[in-house]
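Data block below; observations after.
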Amino acid sequence: MASSNGKRQEITLGDDFDAVVHYGGTTIRLHPGAGVDVYTAGDVDAYTNGAVRLHPANDATVGKGVITEIIGDPEIGDVMPAGHKHAGWIYMGPDGETGEVFYAAPKDESGMSCTFTFNQATRRAESIGAKVPSQSQLDKMYRNKDKGALKDTFNVTGSNSAGWYWSSRDYFNYDAWAQRFSDGFQSNYFKLNDSSLRCVR
């Protein structure tokens with residue numbers, strides 16, 4: 001049964017229909033009691049108590065496309081998709097101190113060597129539009145180091161100096177806080193020493 005209101009048309013089907021609707025560049029397939037498939041290069045708003053799964057469009061559906069947003073709440077360790085402000089970076093959730101959501105780089109920074117002094121780390125992060133993590137952000141990365149895309153990306157050997165990571169927090173004039181990723185131990189570290197760097201945004 002169909003009804004219309006201006007340019008909007010509503011169609012009611014029986015429970016036994018497996019319907020496919022084509023409209024412009026969008027295709028919608030309705031599965032009785034089992035959900036909806038939507039193929040489109042446009043935006044999608046979903047209202048459901050069930051799961052929402054996003055897949056890149058391809059030539060077999062509506063042409064080449066990319067996911068531009070994650071609908072719903074991402075989980076710690078999820079990589080942000082193409083089109084996202086922090087595409088390729090890893091979702092870390094809210095900072096325990098500020099409550100602001102932050103993202104971790106997918107790997108440690110490397111320059112002339114794999115480690116940096118404190119000032120080198122700060123300059124390196126700024127050069128890529130990022131920051132050295134705060135003490136709480138660094139600890140959250142440690143506590144979630146085995147989740148999703150974070151797994152096996154940190155130096156967990158405990159070695160000096162690559163097994164330590166810089167935070168941005170000063171400790172008096174010549175030291176800053178750093179964290180060892182083999183056991184999570186935090187301590188003040190001489191700024192002229194080298195440590196690893198995992199940037200955040």
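Some points to look at:
- Of all residues in segment 113-123 being touching a residue at least 12 places away in the same chain (Cβ under 8 Å) and touching a strand residue (DSSP E or B) at 6+ places or on another chain (Cβ under 9 Å), the one that is surrounded by the fewest Cβ atoms within 10 Å (Cβ to Cβ): Cys114
- For Lys107, the stated conditions hold: it is exposed (fewer than 15 other Cβ atoms within 10 Å of the Cβ) and either over 21 Å from Pro74 (Cβ atoms) or not aliphatic (A, V, I, L, M) (or both).
- Restricting attention to segment 82-104 and to residues that are in contact with a helix residue (DSSP H, G or I) (Cβ under 9 Å, 6 or more places away or on another chain) and in contact (Cβ under 8 Å) with a residue 60 or more places away in the chain, the residue that is farthest from Phe172 (Cα to Cα) turns out to be Ile90.
- Of all residues in segment 124-140 being out of contact with any strand residue (DSSP E or B) (no Cβ under 9 Å at 6 or more places or on another chain) and part of a loop (DSSP other than H, G, I, E, B), the one that is surrounded by the most Cβ atoms within 10 Å (Cβ to Cβ): Ile128
- Qualifying residue in segment 144-151 (condition: among the polar types (S, T, N, Q), surrounded by fewer than 22 Cβ atoms within 10 Å (Cβ to Cβ) and not in a loop (DSSP other than H, G, I, E, B)): no
Conditions tested, residue by residue: (1) in a loop (DSSP other than H, G, I, E, B); (2) among the hydrophobic types (A, V, I, L, M, F, W, C); (3) at pLDDT below 95.
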| position | (1), (2), (3) |
| --- | --- |
| Gly65 | yes, no, yes |
| Tyr91 | no, no, no |
| Ser113 | yes, no, yes |
| Thr122 | no, no, no |
| Tyr142 | no, no, no |
| Ala176 | no, yes, no |
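- Subset of segment 125-161 that is under 16 Å from Trp89 (Cβ atoms) and of a type in the set (Lys, Arg) - its residue that is nearest to the chain's Cα centre (by Cα): Lys147
- Scan of segment 155-187 for residues that are aliphatic (A, V, I, L, M) and out of contact with any Gly (no Cβ under 8 Å at 6 or more places or on another chain), ordered by number: Ala162, Ala176, Ala178
- Residue satisfying condition, being of a type outside the set (Phe, Trp, Tyr), closer than 30 Å to Asn188 by Cα, at pLDDT 70 or above and not assigned by TED's automatic domain parsing to the domain that holds Gln137, within set Gly77, Gly96, Gly83: Gly77
The values are calculated or read from the model by the stated rules, or taken from the named source; none is laboratory data. These numbers come from a predicted model, not from an experiment. Note that we place each Cβ from the backbone using ideal geometry, even for glycine, and neighbour counts take in every protein chain shown.
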